[in-house]
1. For region 45-98, give me each residue that is part of a helix (DSSP H, G or I) and loosely packed, with under 15 Cβ neighbours inside 10 Å.
2. Can you confirm whether region 99-107 contains a residue that is surrounded by 12 or more Cβ atoms within 10 Å (Cβ to Cβ) and part of a loop (DSSP other than H, G, I, E, B)?
3. Taking the criterion of being in a loop (DSSP other than H, G, I, E, B), touching a strand residue (DSSP E or B) at 6+ places or on another chain (Cβ under 6 Å) and modelled with pLDDT under 90, would at least one residue in region 112-129 satisfy it?
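The values are calculated or read from the model by the stated rules, or taken from the named source; none is laboratory data. Everything numeric in this text was worked out from a predicted model, so none of it was measured. Because the Cβ atoms are built from the backbone with ideal geometry, glycine has one as well, and the counts that use them run over all protein chains shown.
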């Protein structure tokens with residue numbers, strides 16, 4: 001019984017080394033890059049999306065996302081369809097959170113408190129691009 005346990009432990013150890021080596025080799029072959037996920041949510045001055053002012057703010061945000069996608073700044077974005085105060089999720093192609101916040105601070109509806117944002121850093125394969133429908 002003791003021999004079986006030692007053999008089993010040895011096999012598990014060798015397999016874990018093998019898996020670690022394969023993961024490291026894969027990471028070398030797939031360059032990674034920093035992206036930032038922006039959770040755009042209702043700010044302190046949010047107006048109901050059913051109101052004209054709320055719809056205008058939403059359309060301005062969508063227009064900004066389109067412009068960012070064309071320039072390569074935004075990799076992906078989408079509306080959130082649930083019962084939270086998050087309106088959009090945006091993946092930005094910027095190096096730092098500071099850079100992402102600087103871009104957001106230029107948006108009129110971020111400045112006026114209609115929207116707020118939480119930003120998270122993430123690593124993903126380098127070269128993510130916006131996929132367009134044909």
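1. Start the filter on region 45-98 by keeping residues that are part of a helix (DSSP H, G or I), which leaves 52-71, 97-98.
Those that are part of a helix (DSSP H, G or I) and loosely packed, with under 15 Cβ neighbours inside 10 Å: 52, 53, 55, 56, 59, 62, 63, 66, 67, 70, 71, 98.
2. At the first step, the residues of region 99-107 found to be surrounded by 12 or more Cβ atoms within 10 Å (Cβ to Cβ) are 99-101, 103-104, 107.
Those left that are additionally part of a loop (DSSP other than H, G, I, E, B): 107.
Yes.
3. Taking region 112-129 and keeping what is in a loop (DSSP other than H, G, I, E, B), we get 112-114, 126-129.
So of that shortlist, the ones also touching a strand residue (DSSP E or B) at 6+ places or on another chain (Cβ under 6 Å) come out as 126, 128.
Of the ones still in play, those that are also modelled with pLDDT under 90 are 126, 128.
Looking through region 112-129, at least one residue is in a loop (DSSP other than H, G, I, E, B), touching a strand residue (DSSP E or B) at 6+ places or on another chain (Cβ under 6 Å) and modelled with pLDDT under 90.
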